[in-house]
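Notes follow once the structure below has been shown.
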Amino acid sequence: MSIKAFPLAIAASVASFATVHAADLPSRKGAPVAPAAYSSLPYNWTGAYIGLGGGYDRTQGAAATGLAGRKSTRSRGAIGGYAGYNIQLGPIVYGLEADAALLSSGSKSNALAGAAKVRERYDGSVRGRAGYAIDRWLVYGTGGFAFRDQQITAPGLISKSKTQTGWIAGAGVERALTDNLVARLEYTHADYGKTKGLVPAGLGRGKSTDDRVMAGLSYKFGM
C-alpha cells in the first residue's frame, strides 16, 4: 500500500465503524403517540326547529238549550306541523312553539237523530315550553293559547263556521336522534270553554274539550 493511499484507508475504516455502532444505539425517537380519545360534548338544545307530526285526537262536547241537550264524543286522526325556538340554560330548556293540525271527520258516538252536525276542521296553538334536559333527552311541560275552526250545521238551518279559543296544556318527551333530527311524543289537553252558537234545538250554549297524543319528527337548525 502506498503512503498516499494509507490516509484514505483509515478514513474508510472509521466511517464503517461509526455506521455499524450507530445501528446498535437505542433510537432517540419517542414512542408513537396514541390518538386522543373522542369525547362528545353534551347536546345543546338551543336553536330553531320545524317538524311534522300525527296522532290520535278525542273531542268531547256538550250542548244545551232550554228545551234539550246532548253529549257527544268524536275520535279521529290529526296531522300537522310545528315550529319553535329553544334556549338552554344549564339543564333547563325554555322555548316558544306554534302548531297547526288538520282533523279528519272521525267517528262519533252518542249523537241524537236530527241533531246538529258539528265538525272541527283544523286547530292550532301558541305555547310556551319549559323542560329539563339530560344530554339528548328532554322532558318538558307546555301551555298556552289554543284556537280551532268549528262548523255547525243544524236541521233546517244553514251551516255556521266560527273560531273558538281557549287554553291548552300538556307534557312531552323528546330525543335527539342526531345533531339535527329530534323525535317527540306529546300529550295535550285543550279546553274551549262555553260558547254560544247552534246546538241541537237551535241556539244555545255548548262546551267542548280536546285530548290528543301526537308523535313528531323535527329538524333542528344549527349544530
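The values are calculated or read from the model by the stated rules, or taken from the named source; none is laboratory data. On a predicted model such as this, the values are computed, not experimentally measured, just so you know.
Determine which single condition residue 152 fails, assuming it passes every other condition in (1) modelled with pLDDT under 90; (2) more than 24 Å from residue 79 (Cα to Cα).
(2) is the only condition that residue 152 fails.
Scanning for something outside any strand (DSSP E or B) and aliphatic (A, V, I, L, M), does region 138-149 turn up at least one residue?
The initial filter retains those residues of region 138-149 that are outside any strand (DSSP E or B), namely none.
No, region 138-149 contains no residue that is outside any strand (DSSP E or B) and aliphatic (A, V, I, L, M).
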